[in-house]
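Down below is the structure, laid out as structure tokens.
Bear in mind these aren't lab numbers, they're just calculated from the coordinates by the rules spelled out. Small disclaimer: the values here were computed from a predicted structure and weren't measured. In this analysis, Cβ positions are derived from the backbone assuming ideal geometry, glycine residues included, and neighbour counts consider all displayed protein chains.
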Amino acid sequence: MKTLALALALLAASLVLTRAASATEAPANFAVHEIPKPVPEISFQDGDGQFRTLADFAGKVVLLNIWATWCVPCRNEMPTLDRLQAELGGPDFEMVALSIDRTGPEAVKKFFGEIGIEHLALHIDTSSKAMFALGVVGLPTTLLIDREGKEIGRLIGPAEWDSPEMAAFIRDHITSD
């Protein structure tokens, strides 16, 4: 009887450890909330001048990056976001790079062309209202949003979004969400 109980206890412990080991930990500086938080309603324009909201991406996991062409760290991380969208983008995931450039979409289009951005759609909020509604305190700031439109967590500052560690972390949220 004791042997059976010990075997069951070891099996249960093994399952718990296996489950914990399979979940990818958050990369450095990525603050994950204990419980996903509601995201304020924000609006912005796409590259065609059409107004959009995060609700347009309902059902997808969204990585929302708030950035500007004049922000040097933002400029440096943009190619990694483009590669992440190329790798993970589709019916379950969308990388939404939201520029707060006040000069308008032409500055963003020019910048995208200069550095060879091919997979990111143009999104812009020239009013910066989205930045304030989301409580963004510095650029770049990136929010990971679940399929229900709730914030899983955020990272303030630049990151290598296409690194194996980061891609695995985001992929885990796509498959588990």
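From 159, 121, which residue is touching a helix residue (DSSP H, G or I) at 6+ places or on another chain (Cβ under 7 Å) and among the small types (Gly, Ala, Ser)?
Sole residue among the options that is touching a helix residue (DSSP H, G or I) at 6+ places or on another chain (Cβ under 7 Å) and among the small types (Gly, Ala, Ser): 159.
Working only within segment 79-125, note down all residues that are touching a residue at least 60 places away in the same chain (Cβ under 8 Å), in a loop (DSSP other than H, G, I, E, B) and not small (Gly, Ala, Ser).
92, 122, 125, listed by residue number.
Yes/no per residue for (1) surrounded by 14 or more Cβ atoms within 10 Å (Cβ to Cβ); (2) of a type in the set (S, T, N, Q):
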site: 103; (1), (2): yes, yes
site: 108; (1), (2): yes, no
site: 112; (1), (2): yes, no
site: 118; (1), (2): no, no
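Given the structure, is residue 81 in contact with a strand residue (DSSP E or B) (Cβ under 6 Å, 6 or more places away or on another chain) and within 25 Å of residue 165 (Cα to Cα)?
For residue 81, the condition - in contact with a strand residue (DSSP E or B) (Cβ under 6 Å, 6 or more places away or on another chain) and within 25 Å of residue 165 (Cα to Cα) - is met.
Limited to segment 84-125, what total is found for residues that are within 19 Å of residue 62 (Cβ to Cβ) and over 16 Å from the mean Cα position of the chain (by Cα)?
5
Could you list, in sequence order, all residues of segment 26-53 that are out of contact with any helix residue (DSSP H, G or I) (no Cβ under 8 Å at 6 or more places or on another chain) and hydroxyl-bearing (Ser, Thr, Tyr)?
Answer for segment 26-53, where residues must be out of contact with any helix residue (DSSP H, G or I) (no Cβ under 8 Å at 6 or more places or on another chain) and hydroxyl-bearing (Ser, Thr, Tyr): just 53.
Would you be able to tell me the number of residues in segment 150-165 that are in contact (Cβ under 8 Å) with a residue 40 or more places away in the chain, out of contact with any strand residue (DSSP E or B) (no Cβ under 8 Å at 6 or more places or on another chain) and either more than 16 Å from residue 97 (Cα to Cα) or hydrophobic (A, V, I, L, M, F, W, C) (or both)?
Final tally of qualifying residues: 2.
Checking the structure you have, find out if any residue of segment 162-175 is surrounded by 16 or more Cβ atoms within 10 Å (Cβ to Cβ) and in a loop (DSSP other than H, G, I, E, B).
Yes, there is a match, as at least one residue in segment 162-175 is surrounded by 16 or more Cβ atoms within 10 Å (Cβ to Cβ) and in a loop (DSSP other than H, G, I, E, B).
Spot the failing condition for residue 67; the list is (1) in contact with a Cys (Cβ under 7 Å, 6 or more places away or on another chain); (2) surrounded by fewer than 16 Cβ atoms within 10 Å (Cβ to Cβ), and only one is missed.
Status for residue 67: all satisfied but (2).
Taking residue 163, is it small (Gly, Ala, Ser) and within 16 Å of the chain's Cα centre (by Cα)?
yes
Pick from segment 126-145 the residues that are assigned to a loop (DSSP other than H, G, I, E, B) and within 19 Å of residue 47 (Cα to Cα): which of them is nearest to the chain's Cα centre (by Cα)?
This residue is 128.
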